[in-house]
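**Student:** The structure that follows is given in the form of structure tokens.
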Amino acid sequence: MPTHRIIITARTSVVVAIVGIGALGATGAALATPPSPVPAESAAVFVAGDILSFEQTAGRPQWEANAYNRIADGEWTFYESGRFTYRTGDNDPLEGTYTVSGSTVTFSGEYSFNTTTSTSQTTMNGTIDLSADPPVMTFEQASGQVSAAVVNDTSFGSNSTAGYTGTLTVIPAANR
């Protein structure tokens, strides 16, 4: 029986050479020495395949379609260092860590955003079964937001929560 693991593919970095006018002024040009490339960290990237189940566990019903679409457009990256990110659209990435035990990847991460009047947090945790073909991910995602302000000696506040669970197949991005 084969051993399962996350397959790491090398990411490339781009080095740009800067061409400019050297100390000789307009009569000569110099090529600036490009910086030494920083080794890129290897990573395995998965994208959503088929969503097998999706359930809203908290929040307003009208939020469910957007949450479903974010999962369908999701990209999960597992870096060689044990760091993990989840990205969707142009949202800031959720970041955390992962471990591998046998053919199971277990991950957990969060994204927080604070302003002077509010705090928002999103968390996601789950597993990927690499022994399935294609691999199958189960996840739980929760988010919450709290706002508070005092205007003319009057306090205002609000809060909201949302939660989702689901199962989907994931596809290595190299196989898209």
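**Student:** Restricting to the stretch 111-140, and then to whatever is assigned to a strand (DSSP E or B) and of a type in the set (Gly, Ala, Ser), can you tell me which residue is nearest to residue 76 (Cα to Cα)?
**Tutor:** That would be 126.
**Student:** Still on this structure: Just a yes or no: is a residue in the stretch 162-176 loosely packed, with under 15 Cβ neighbours inside 10 Å, out of contact with any Asp or Glu (no Cβ under 6 Å at 6 or more places or on another chain) and assigned to a strand (DSSP E or B)?
**Tutor:** no
**Student:** Still on this model: Going through 143, 108 one at a time, which residue ends up being polar (S, T, N, Q), surrounded by 17 or more Cβ atoms within 10 Å (Cβ to Cβ) and assigned to a strand (DSSP E or B)?
**Tutor:** 143
**Student:** Looking at residue 89, is it surrounded by fewer than 16 Cβ atoms within 10 Å (Cβ to Cβ) and under 17 Å from the mean Cα position of the chain (by Cα)?
**Tutor:** Judged against the criteria, residue 89 is a match.
**Student:** Which count do you get for residues in the stretch 149-161 that are exposed (fewer than 11 other Cβ atoms within 10 Å of the Cβ) and either touching a helix residue (DSSP H, G or I) at 6+ places or on another chain (Cβ under 9 Å) or touching a residue at least 40 places away in the same chain (Cβ under 8 Å) (or both)?
**Tutor:** 0
**Student:** Listed residues 95, 110; which is under 27 Å from residue 40 (Cβ atoms) and in contact with a Phe, Trp or Tyr (Cβ under 9 Å, 6 or more places away or on another chain)?
**Tutor:** Step by step, each of 95, 110 is checked, and only 95 is under 27 Å from residue 40 (Cβ atoms) and in contact with a Phe, Trp or Tyr (Cβ under 9 Å, 6 or more places away or on another chain).
**Student:** Name the strands (runs of 3 or more DSSP E) wholly inside the stretch 59-101 in which the number of residues that are in contact (Cβ under 8 Å) with a residue 60 or more places away in the chain is 2 or more.
**Tutor:** 75-79
**Student:** Going by what's in this entry, would residue 55 be described as more than 23 Å from residue 40 (Cβ to Cβ), in contact with a strand residue (DSSP E or B) (Cβ under 7 Å, 6 or more places away or on another chain), charged (D, E, K, R) and not in a strand (DSSP E or B)?
**Tutor:** It is false that residue 55 is more than 23 Å from residue 40 (Cβ to Cβ), in contact with a strand residue (DSSP E or B) (Cβ under 7 Å, 6 or more places away or on another chain), charged (D, E, K, R) and not in a strand (DSSP E or B).
None of the figures in this text is laboratory data; all of them are computed from the coordinates on show. Because the structure is a prediction, the values reported are computed rather than measured. When we count neighbours, we look across all protein chains shown, and the Cβ atoms used for this are built from the backbone with ideal geometry, even at glycine.
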